[in-house]
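Chemist: Below you will find the structure I want to go over with you.
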Amino acid sequence: MMQRFEAILLFYRPLFIWSFAVNVLIIIVNPHIFTTVITKLLLTIFVWYLINETNRERKLIFYKNLGISTFKLFSAIFLIDIFITIGFLLIMQEFI
Amino acid sequence: MILEIDSIELYFSSKRILNGVYLKAETGKVTGILGSNGSGKSCLMNIIFGSLQPKYKLIRIDNEPILKPLYTINCVGFLPQHALTPNNIKVKTVFKLFRLDWLEFITVFESFSLFKNSKINNLSGGERRVLETYLILKSKNEIIILDEPFSHIAPLYIEKFKRLIAIEKQTKAIIITDHYFRDVIDTSDELYLLKNGCTKLINNLEELEDYKYLSIGSLD
């Protein structure tokens with residue numbers, strides 16, 4: 001189980017910097033939790049679509065070998081991302 | 001454990017790739033698949049693993065139909081034709097994820113001992129292939145699918161993998177395909193030829209010439 005979680009974090013790692021940039025934009029434009037969740041959900045679906053439409057889909061076989069389906073992988077990175085994003089928003093709202 | 005794959009039909013648009021495929025793999029045996037380029041070997045392996053959805057398929061394990069992709073029930077390891085591992089990951093991390101012992105690996109592949117802390121993309125293509133083949137072959141799965149494990153690696157490593165396959169097959173069902181047909185023939189206990197979208201069980205190696213997979217005299 002821990003191995004799978006670690007593998008999911010490895011998949012999320014290169015996406016974190018992009019996610020953080022989006023978080024900064026959200027703070028500037030509309031720092032509300034509901035719109036943030038919807039934005040992040042749409043972005044996760046967009047990344048999923050992007051990977052499916054390119055030969056990067058092959059990369060998912062590594063995760064499938066660890067028993068992580070594509071749905072599980074993207075659901076998990078969405079949840080991890082939302083957890084980080086909401087934490088970030090709550091901290092930033094203290095300063096706004 | 002006995003794995004049976006039956007009634008597979010795969011189309012890409014209107015082009016028929018596979019139809020009427022039957023294949024059986026069981027613990028203690030290596031099942032080899034031979035076939036020309038474009039015959040559908042890799043598609044068949046992807047279908048067995050569960051990463052490609054055909055129009056029809058029937059997969060049974062010990063006579064029980066399996067409706068979910070095999071990888072979701074954690075019983076199968078698949079080495080695809082292309083690179084398996086992510087680039088920016090350390091070699092030791094991959095071993096940790098697959099729950100494999102690094103020391104055991106370097107007793108077989110001594111020259112890799114320097115790479116424990118290296119990132120995967122610092123290995124050469126052949127070294128990476130050796131590492132990935134080892135990961136899948138030694139993974140804790142009962143079914144192992146190897147797509148071109150002998151391609152792009154040095155002859156010395158091919159021999160090592162043949163010995164490893166002979167050991168691992170005692171507890172696993174192994175399915176293997178490669179264009180290095182002599183190595184596949186040497187390794188396999190059962191051999192299928194994939195031609196015109198169908199599998200044919202090969203009982204006599206001369207059939208490979210009869211079906212025009214090999215030219216006459218290739219086996220001499």
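The values are calculated or read from the model by the stated rules, or taken from the named source; none is laboratory data. As the structure is a prediction and not an experimental result, all values here were calculated from the model. Here the Cβ positions follow ideal geometry from the backbone for every residue, glycine too, while neighbour counts run over all protein chains shown.
Chemist: For the range B:80-92, does any single residue satisfy the condition of being outside any loop (DSSP other than H, G, I, E, B) and either over 24 Å from A:Met1 (Cβ atoms) or free of Cβ contacts under 8 Å to residues at least 12 places away in the same chain (or both)? Working first, answer last.
Modeler: Residues of the range B:80-92 that are outside any loop (DSSP other than H, G, I, E, B), as a first pass: B:90-92.
Those left that are additionally either over 24 Å from A:Met1 (Cβ atoms) or free of Cβ contacts under 8 Å to residues at least 12 places away in the same chain (or both): none.
No: zero hits.
Chemist: What is the number of the single condition among (1) more than 17 Å from B:Ile136 (Cβ to Cβ); (2) out of contact with any Gly (no Cβ under 8 Å at 6 or more places or on another chain); (3) surrounded by fewer than 18 Cβ atoms within 10 Å (Cβ to Cβ) that B:Lys68 does not meet?
Modeler: Among (1) more than 17 Å from B:Ile136 (Cβ to Cβ); (2) out of contact with any Gly (no Cβ under 8 Å at 6 or more places or on another chain); (3) surrounded by fewer than 18 Cβ atoms within 10 Å (Cβ to Cβ), the lone unmet condition for B:Lys68 is (2).
Chemist: Taking the range B:79-93 on its own, how many of its residues are surrounded by 21 or more Cβ atoms within 10 Å (Cβ to Cβ), more than 7 Å from chain A (Cβ to nearest Cβ) and within 25 Å of B:Ile48 (Cα to Cα)?
Modeler: Counting residues in the range B:79-93 that are surrounded by 21 or more Cβ atoms within 10 Å (Cβ to Cβ), more than 7 Å from chain A (Cβ to nearest Cβ) and within 25 Å of B:Ile48 (Cα to Cα) gives 1.
Chemist: Kindly indicate the residue of the range A:77-96 that is of a type outside the set (Val, Ile, Thr) and free of Cβ contacts under 8 Å to residues at least 60 places away in the same chain and also surrounded by the most Cβ atoms within 10 Å (Cβ to Cβ) among those meeting that condition. Step through it out loud before you land on a result.
Modeler: Initially, the range A:77-96 is screened for residues of a type outside the set (Val, Ile, Thr), giving A:78-79, A:81, A:83, A:87-90, A:92-95.
Applying the additional criterion that residues be free of Cβ contacts under 8 Å to residues at least 60 places away in the same chain yields A:78-79, A:83, A:87, A:90, A:94-95.
Values: A:Phe78: 19, A:Leu79: 13, A:Phe83: 10, A:Gly87: 11, A:Leu90: 11, A:Glu94: 6, A:Phe95: 6.
Once the filter is applied, the top-ranked residue is A:Phe78.
Chemist: Exactly one condition in (1) closer than 16 Å to A:Phe78 by Cα; (2) in contact with a helix residue (DSSP H, G or I) (Cβ under 9 Å, 6 or more places away or on another chain); (3) within 14 Å of another protein chain (Cβ to nearest Cβ) is false for A:Thr36; which is it?
Modeler: Going through the list (1) closer than 16 Å to A:Phe78 by Cα; (2) in contact with a helix residue (DSSP H, G or I) (Cβ under 9 Å, 6 or more places away or on another chain); (3) within 14 Å of another protein chain (Cβ to nearest Cβ), A:Thr36 breaks only (3).
Chemist: So the check is Cβ under 9 Å with 6+ separation or different chains; which pairs have a first residue in the range B:97-112 that's away from chain A (no Cβ under 14 Å) and a second one that's surrounded by fewer than 15 Cβ atoms within 10 Å (Cβ to Cβ) and part of a loop (DSSP other than H, G, I, E, B)?
Modeler: The qualifying pairs are B:Trp102/B:Lys116; B:Ile106/B:Lys116.
Chemist: Condition first: within 15 Å of B:Trp102 (Cα to Cα) and either among the hydroxyl-bearing types (Ser, Thr, Tyr) or free of Cβ contacts under 8 Å to residues at least 12 places away in the same chain (or both). Now tell me which residues in the range B:113-133 satisfy that.
Modeler: Residues satisfying the conditions are B:Ser113, B:Leu114, B:Ser118, B:Thr133.
Chemist: Hey, does the range A:61-76 have a residue that's more than 13 Å from every other protein chain (Cβ to nearest Cβ), crowded, with 17+ Cβ neighbours inside 10 Å, at pLDDT 90 or above and over 23 Å from B:Ile120 (Cβ atoms)?
Modeler: Taking the range A:61-76 first, the residues more than 13 Å from every other protein chain (Cβ to nearest Cβ) are A:74-76.
Still in the list and also crowded, with 17+ Cβ neighbours inside 10 Å: A:74, A:76.
Retained after the next criterion (residues that are at pLDDT 90 or above): A:74, A:76.
Remaining after also requiring over 23 Å from B:Ile120 (Cβ atoms): none.
For the range A:61-76, residues more than 13 Å from every other protein chain (Cβ to nearest Cβ), crowded, with 17+ Cβ neighbours inside 10 Å, at pLDDT 90 or above and over 23 Å from B:Ile120 (Cβ atoms): absent.
Chemist: Here's a follow-up. Find all pairs meeting these conditions: Cβ atoms under 8 angstrom apart; at least six residues apart or on different chains; first residue within the range A:2-29 and away from chain B (no Cβ under 14 Å) and surrounded by 14 or more Cβ atoms within 10 Å (Cβ to Cβ); second residue part of a helix (DSSP H, G or I) and small (Gly, Ala, Ser).
Modeler: Listed pairs, sorted by first residue: none to list.
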